[in-house]
1. With the condition kept exactly as written, say whether any residue in the range 200-207 is touching a helix residue (DSSP H, G or I) at 6+ places or on another chain (Cβ under 8 Å) and modelled with pLDDT of 95 or more.
2. Which residues, taken from the range 1-22, are open to solvent by less than 20 Å² (accessible area, probe 1.4 Å) and over 14 Å from the mean Cα position of the chain (by Cα)?
3. What residue, among those in the range 120-142 that are part of a helix (DSSP H, G or I) and of a type in the set (Asp, Glu), is nearest to the ligand (Cβ to nearest atom)?
4. When you look at Gly8, is it in contact (Cβ under 8 Å) with a residue 12 or more places away in the chain, near the ligand (Cβ under 8 Å from one of its atoms) and closer than 20 Å to Asn137 by Cα, yes or no?
5. On the given criteria, is Val154 among the aliphatic types (A, V, I, L, M) and touching an Asp or Glu at 6+ places or on another chain (Cβ under 7 Å)?
6. Go through the range 74-102 residue by residue and tally those that are closer than 19 Å to Gln140 by Cα and touching a residue at least 60 places away in the same chain (Cβ under 8 Å).
7. Give me a count of the residues in the range 52-73 that are more than 13 Å from the ligand (Cβ to nearest atom), without any contact (Cβ under 8 Å) to a residue 40 or more places away in the chain and closer than 13 Å to Thr33 by Cβ.
8. Which count do you get for residues in the range 106-119 that are touching a helix residue (DSSP H, G or I) at 6+ places or on another chain (Cβ under 9 Å) and either more than 16 Å from the ligand (Cβ to nearest atom) or open to solvent by 20 Å² or more (accessible area, probe 1.4 Å) (or both)?
Amino acid sequence: MSKVVVVGDLYVGKTSLINRFCKDVFDRDYKATIGVDFEIERFEIAGIPYNLQIWDTAGQEKFKCITSAYYRGAQVIITVFDLADIQTLEHTRCWLEDAQRENEPSSTLIFLVGTKKDKVSSAQCKHTECDAIRYANEMQAEYWTVSAKTGENVKEFFFRVAALAFEHSVLKELEKGSGPMTQIGTGNLIKVEKDEAENVKGSSQASISCC
Ligand SMILES: Nc1nc2c(ncn2[C@@H]2O[C@H](COP(=O)(O)OP(=O)(O)OP(=O)(O)O)[C@@H](O)[C@H]2O)c(=O)[nH]1
């Protein structure tokens, strides 16, 4: 299982992104997240059960002292901004710094996600993308654009997160040098050898599924 924390300004669409993926729903009414909330999503990667524990955090400043307590132990940080509001992109650096402060920077996977793609024209999206890619490079993040309203790219995005988190876990177990038998995923004791781990990247995406 990997812990995923989703951070970003209020109203950018963090809850909507998670709800679209985990529950396949979209609510046009805004209900601010109070503190934190989480969902566990089950995947099967290369035949191995693997879970993501996805933490939704409040974007409102007044909850920061609560939410930051939940950043610790994250393997994945998803920094979210609204494609229709460039200021929220500028704030992603601070959100990432806050989340990384609680973690070992080299041990986290980072994603930069522009939401509400349905609200912007393709010209506006491309324009914002130039800045967003620059931010993503600085953050060493992978950049995605999604719409929770239409569902565009949402599944693809989370499947990618799961595949990379799984790969990361396998490689970390190998680095620990805990021997050829290692526990990955939920409940299955699998034998991971270096050659197999190196193949995970290619194979996991091809055979990933959500339970
Ligand atoms: N058109 C459109 N609206 C969206 C999309 N995603 C979210 N929204 C709307 O944006 C508003 C805010 O969404 P939330 O998901 O609650 O935002 P949040 O980032 O979780 O906000 P906090 O909980 O305050 O941090 C809601 O009214 C959503 O319906 C999207 O992809 N397209």
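The values are calculated or read from the model by the stated rules, or taken from the named source; none is laboratory data. These numbers were taken from a predicted model, which means no experiment stands behind them. We place every Cβ from the backbone using ideal geometry, glycine too, and count neighbours over all the protein chains shown. In case anyone asks, the SASA skips ligands and DNA or RNA and just uses the protein heavy atoms, side chains included. Shrake-Rupley method; radii C 1.70, N 1.55, O 1.52, S 1.80 Å.
1. No, every residue in the range 200-207 fails to be touching a helix residue (DSSP H, G or I) at 6+ places or on another chain (Cβ under 8 Å) and modelled with pLDDT of 95 or more.
2. Correct list: Val12 only.
3. Glu129
4. yes
5. no
6. The number of residues fulfilling the criteria is 15.
7. Counting residues in the range 52-73 that are more than 13 Å from the ligand (Cβ to nearest atom), without any contact (Cβ under 8 Å) to a residue 40 or more places away in the chain and closer than 13 Å to Thr33 by Cβ gives 0.
8. Adding up the residues that qualify gives 6.
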